[in-house]
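Report on one structure; see the data block that follows.
Derivation of every value follows stated rules applied to the coordinates shown; laboratory data play no part. Because the structure is a prediction, the values reported are computed rather than measured. Here the Cβ is made from the backbone with ideal geometry for all residues, glycine too, and neighbour counts use every protein chain on show.
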Amino acid sequence: MRYHAAKSFEEAAAIAEKAEGVTRFMAGGTDVLVQMRAGIVTPDDLIDLKHIAGVNDITRLEDGSWEIGVAVAGARLGAHEALCADWPGVVEGMELVGSTQVQGRATLTGNLCNGSPAADGVPGLVAAGAVAKIVGPSGSREVPIEEIPAGPGTTTLAKGEVIAAVRLPARGAGGGDAYQRFIPRTEMDIAVAGCAINLRVEGDTVTEARVAIGAVAPTIRLVKDAADAIIGSTLDDAALEALAAAVSAAASPISDKRGTTEFRTEVVGVLARRVALVAYARAKGEKA
Amino acid sequence: MSKIHVSTTVNGDSVEFLADPRETLLDCLRDHLGLTGTKEGCGTGDCGACSVTLDGTLVCSCLVLGIEAEGREIGTVEGMAEGHELHPLQRKFIEHAALQCGFCTPGFLVAAKALLDKNPDPTETEVRYWLAGNLCRCTGYDKIVRAVMDAAAEMRQEAV
């Protein structure tokens with residue numbers, strides 16, 4: 001295995017493009033090292049992104065949007081008060097990933113690129129309308145987060161392409177987001193179903209919404225019908241009922257020992273109702 | 001395969017070693033530096049037996065490459081006692097019999113110290129969540145949690 005400590009994303013992309021064998025980019029390493037240990041992946045070229053300037057930064061840009069470096073670990077997101085105030089749902093999702101030890105290393109971008117349909121860090125990004133800044137052999141592009149996952153363990157990134165940062169939009173007035181998952185334990189488990197909702201209110205009325213579901217389909221999904229079910233409402237019982245129905249209709253989960261298809265389909269709807277109420281309370285400036 | 005020269009700091013001492021790029025920090029601590037206090041449990045970041053601090057942040061050393069230690073500061077269980085004077089956490093683990101086989105203990109000690117460095121007065125719930133990534137198959141955790149709470153109280157000079 002050749003280890004490369006890339007000094008820029010362009011260099012990282014060029015190494016990956018020229019590589020002939022198995023290539024892996026490494027940020028926190030909490031997935032890559034496990035795959036190496038298990039023999040699932042034996043990289044010929046391992047490209048460490050942590051030596052690139054800015055990868056450890058959480059930056060609020062002039063327009064109020066946020067740029068999160070690819071090596072920013074979960075624990076650092078949770079310790080950033082201004083980011084937590086703007087995007088609590090994004091942060092609470094990432095903070096559910098792994099143990100304290102894993103939180104010291106694991107990153108949002110790594111969680112995204114690992115391609116798990118159950119990634120707790122990703123639904124919040126999708127609901128937030130975040131974009132990935134991608135650097136590749138043919139230049140840079142920005143892609144909505146929901147277009148990155150292709151299926152379990154795979155992404156739509158082309159050979160030589162690497163994510164250089166995640167951008168969260170400006171929060172703006174009257175906004176709130178939240179994420180919850182179901183697990184059979186209280187800690188240290190992988191989502192059986194998950195839901196993130198980001199919405200905006202004017203008075204009591206929901207004017208914008210984005211709903212993302214996790215662990216109930218081959219990829220994390222943005223569910224437009226679910227957003228439409230609550231836009232224009234005051235999140236009354238009828239709207240919540242319609243939201244849950246739309247979310248369950250969009251789910252196409254597998255059955256396994258951790259949850260049957262029927263269970264996951266039902267529970268993701270229940271989660272959507274709860275998450276919507278938390279996001280709504282946050283949007284109205286109430287504590288939730 | 002050529003090895004890479006790594007200069008790093010472990011428990012305040014400057015050290016050097018030659019690492020294969022595939023070796024984990026855990027392998028390097030144990031096999032190149034002879035610091036066998038840090039244990040390998042699962043090797044996949046699930047059990048916490050290999051807990052160390054990397055520039056003050058608690059991590060699983062099995063999920064860090066040895067070559068990533070270049071220029072960093074590592075803290076291991078060997079750095080907790082001052083000579084023959086045990087750290088209060090170590091003393092309280094013995095007093096409360098918070099171990100049987102002892103394999104998980106170095107990881108629990110390093111993780112608990114990282115918690116108390118950050119939060120000297122944690123609630124029992126905070127201790128349990130912080131240590132959720134450290135597995136123990138002997139004690140049932142209760143004695144470990146009590147030992148950590150008692151050590152924290154002593155360190156705050158509020159003997160219970």
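Label-to-label distance for A:D256 and A:A170 is 4.2 nm, based on points extended 7 Å past Cα in the beta-carbon direction.
Annotation note: GluC sites (Glu not before Pro) in the stretch B:94-160 located in DSSP loop regions with a Cβ neighbour count of at most 10 within 10 Å are B:E158.
Exposure proxy for B:S2, A:S252, A:S233, B:S51: other Cβ atoms within 10 Å of each Cβ, ordered fewest to most, give B:S2, A:S252, A:S233, B:S51. Residues A:T30, A:T156, ranked from the fewest to the most other C-beta atoms within 10 Å, line up as A:T156, A:T30.
Springs join every pair of Cα atoms under 10 Å in this Gaussian network model of chain A, and among A:R273, A:R76, A:R185 the largest mean-square fluctuation is at A:R185. Multiplying the residue separation of B:D121 and B:H5 by 0.36 nm and removing their Cα-Cα distance gives an extension gain of 37.7 nm.
Per-residue shielding of B:50-63, expressed as the average number of other chain Cβ atoms within 10 Å of the residue Cβ, stands at 5.
The local environment of B:A111, defined by Cβ-Cβ distances under 13 Å, has a net charge of +2 under the rule Lys, Arg +1 and Asp, Glu -1.
All distinct Cα pairs of chain A go into the 1/r average, and the inverse of that average, the Kirkwood radius, is 19.1 Å. Near B:L89: Cβ cut-off under 10 Å, other residues only, Lys/Arg at +1 and Asp/Glu at -1. The net charge is +1.
Site pair A:K18 and A:K284 shows an inter-label distance of 6.0 nm when each label is modelled 7 Å from Cα along Cα→Cβ. Summing Lys and Arg as +1 and Asp and Glu as -1 over all other residues whose Cβ lies under 12 Å from the Cβ of B:H32 gives a net charge of -3. Springs between Cα atoms under 10 Å define the GNM used for chain A, and in it the highest mean-square fluctuation of A:I40, A:I15, A:I148 occurs at A:I40. Past 28 Å, Cα to Cα: identify those pairs from A:K18/A:K50; A:K7/A:K133; B:K113/B:K143; A:K284/B:K113; A:K287/B:K118; A:K50/A:K133, in the order given. Where the Cα-Cα span goes over 28 Å, the pairs concerned are A:K284/B:K113. Residue-wise HN-Hα couplings along the stretch B:129-138, as the Karplus relation 6.51 cos²θ - 1.76 cosθ + 1.60 with θ = phi - 60° gives them from phi, are 5, 4, 8, 4, x, 10, 9, 9, 9, 9 Hz; Gly and Pro carry x. Label separation (A:D236 vs A:M188): 4.7 nm, computed from points 7 Å beyond Cα along the C-beta direction. About its Cα centre, the dipole of the protein assembly as shown is roughly 580 debye, where the only charges are +1 on Lys and Arg Cβ and -1 on Asp and Glu Cβ. Sorted fewest first by neighbouring Cβ atoms within 10 angstrom, A:E262, A:E92, B:E40 come out as A:E262, B:E40, A:E92. Springs between Cα atoms under 10 Å define the GNM used for chain A, and in it the highest mean-square fluctuation of A:T155, A:T186, A:T100 occurs at A:T186. The overall shape of the stretch A:1-102 is oblate: from the C-alpha gyration tensor, with semi-axes ordered a ≥ b ≥ c, the ratio a/c is 1.5 or greater and a/b is no larger than b/c.
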